Amino acid sequence: MTRLFGTDGIRGRVNTPPMTCETALKTGRAVALMARDLGQHQVVIGKDTRISGDMLASALAAGVASAGVTACLAGVIPTPGVAFLAASMAHVGAGVMISASHNPFYDNGIKIFQKGGIKLTDDQETVLEAAIHDPEGSSEDTVGKILHLSDSLERYARFLLDRFPFKKLCPRIRVVVDASNGAASDICHQVFNDALFDAVFIHDEPDGFNINKDCGSQHVQDLQKLVTTRKADIGIAFDGDADRMIAVDETGGIITGDRILAICAGHAKKKNQLPNNRVVSTVMSNIGLTRALNAMGITHIRTGVGDRQVLAQMQETGAVMGGEDSGHMIFLDDHTTGDGLLSALRLITVMAETGRPLSDLASVMQVFPQVLKNVKVDASRPDFMQIPGISEVIEAVSSRLGENGRVLVRYSGTQPLLRVMVEGPDKALTLAGCDQICQAIHAHI
């Protein structure tokens with residue numbers, strides 16, 4: 001049985017297995033049966049702005065209806081918006097988001113939230129996968145409806161702004177928002193509205209093909225230029241489904257997830273709003289985050305890559321704040337999942353309450369030089385640590401860095417790539433070590 005789920009749901013090139021209409025139809029049916037087993041009779045379906053979103057949403061909705069459950073189409077909405085609807089609507093047993101996050105338009109994916117707005121556990125994915133591969137499950141005597149939620153964005157925007165403590169800011173904070181031509185393109189105008197912000201929006205005109213193209217959280221050059229030109233207080237960049245966010249300070253400097261976590265955690269601790277004084281992030285986080293948190297008396301807990309891993313560790317340890325340097329931030333006292341818009345509002349809250357510019361706030365953490373490179377590999381995915389020509393080089397680079405650096409090599413959960421991350425006190429040494437490992441991988445895989 002072919003494995004469907006990766007690090008974050010099902011993902012792949014559209015019209016190529018597993019990302020086909022057939023898979024979407026079967027997934028919709030399986031999710032509907034999961035909801036039905038909970039005594040619920042609705043499934044919410046959202047999408048980002050990819051051209052394939054309508055096609056896959058139609059297939060998913062048909063699958064849901066075939067199991068006798070009503071499909072509620074939320075339209076274009078951020079992934080955390082689907083999680084919110086799954087948690088707040090009375091008869092919804094699951095939420096499904098159609099998105100490939102930061103990938104190009106020709107990819108797409110299916111992310112699934114259980115009732116309550118929480119992503120599936122590994123065990124739940126295994127059970128669901130078996131149901132997807134099982135052709136049974138259609139309802140012979142009952143067919144569900146397919147409905148359109150006309151107010152999904154309004155509901156989600158109210159949810160976000162209710163958590164923002166300021167009803168009026170004087171002077172208004174100057175913001176530049178990059179919507180990545182994705183799921184945030186409409187709702188960002190509602191959230192960063194004229195009553196609260198002096199806002200300018202870029203890359204908010206999706207055409208089905210331009211999502212993430214030279215914009216958004218992975219391409220912030222346009223944002224940096226406009227922030228400095230307009231003398232804005234902050235720039236905000238989302239990815240295609242707006243579950244992650246990267247900031248730009250007033251000088252044009254990039255503020256990634258690790259430093260956002262450090263800023264928000266330190267502020268929360270001062271206000272006695274950080275239960276257990278714990279913050280969770282992944283093994284990809286910069287050494288500087290650990291040192292910054294420890295200096296503030298906050299325990300830093302590392303876990304595996306992916307926001308699901310972060311959430312699981314947060315639930316296990318009682319932490320309410322966690323995330324990834326890529327921009328996924330989870331604030332469990334506000335939401336059940338990573339939310340780019342909410343993260344932006346939390347960061348702006350710190351700026352407003354302290355009166356400090358973002359560049360000054362970000363100085364709480366020293367960023368150690370880090371180099372991350374991707375090496376294309378075939379689908380066989382051999383155990384590279386069992387290949388002497390690779391393992392010996394990794395061990396040699398790690399030894400040279402010692403306690404002031406580290407090496408992390410892992411396979412991507414969503415693409416045919418081997419990711420090589422090297423971190424250390426010196427940029428040249430770090431880059432040389434990363435290049436050496438990449439060359440060894442090229443030579444032996």
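The values are calculated or read from the model by the stated rules, or taken from the named source; none is laboratory data. The structure displayed is predicted, hence computed values, not measured ones. We place every Cβ from the backbone using ideal geometry, glycine too, and count neighbours over all the protein chains shown. These area figures cover heavy atoms from the full protein model, side chains too; ligands, DNA and RNA do not enter into them. Shrake-Rupley method; radii C 1.70, N 1.55, O 1.52, S 1.80 Å.
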Candidates for volume of the Cα convex hull per residue in Å³ are (i) 137; (ii) 155; (iii) 208, and the calculated one carries label (i)
What are the extents of the Cα atoms of segment 81-240 along their three principal axes, listed from largest to smallest and rounded to whole Å? 61, 35, 28
Taking a ≥ b ≥ c as the square roots of the Cα gyration tensor eigenvalues, with a/c under 1.5 meaning rounded and otherwise prolate when a/b beats b/c or oblate if not, segment 248-291 comes out oblate
Listed residues ARG410, ARG291, ARG278; largest mean-square fluctuation, Gaussian network over the chain with Cα springs below 10 Å, found at ARG410
At a 1.4 Å probe radius, which order do ILE246, ILE118 fall into by accessible area, largest first? ILE118, ILE246
Would you mind pulling out the separation of the Cα centroids of segment 245-272 and segment 363-421, in Å? 26 Å
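What's the local net charge at SER363, with K and R +1, D and E -1, over the other residues with C-beta under 14 Å away?
Summing Lys and Arg as +1 and Asp and Glu as -1 gives -1.
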Contour minus end-to-end for ASP151 and SER391, with contour as 0.36 nm per residue of separation and end-to-end as the Cα-Cα distance? 81.0 nm
What number of lysine-lysine pairs in segment 163-273 show an alpha-carbon separation below 28 angstrom, given a sequence spacing of 8 or more or placement on distinct chains? 11
Rank these residues by their accessible area, most exposed first, probe 1.4 Å: ILE51, ILE236. ILE51, ILE236
Length gained when the stretch ASN277-ASP378 is fully extended (0.36 nm per residue, less Cα-Cα span): 32.1 nm
Are there trypsin sites (Lys or Arg not before Pro) in segment 79-164 that DSSP marks as loop and that have at most 16 other Cβ atoms within 10 Å, and which are they? LYS145, ARG163
For ILE263, the accessible surface traced by a 1.4 Å probe with all protein chains present amounts, in square angstrom to the nearest 10, to 10 Å²
Env charge @ ASP243, Cβ radius under 11 Å, K,R +1 / D,E -1, value -4
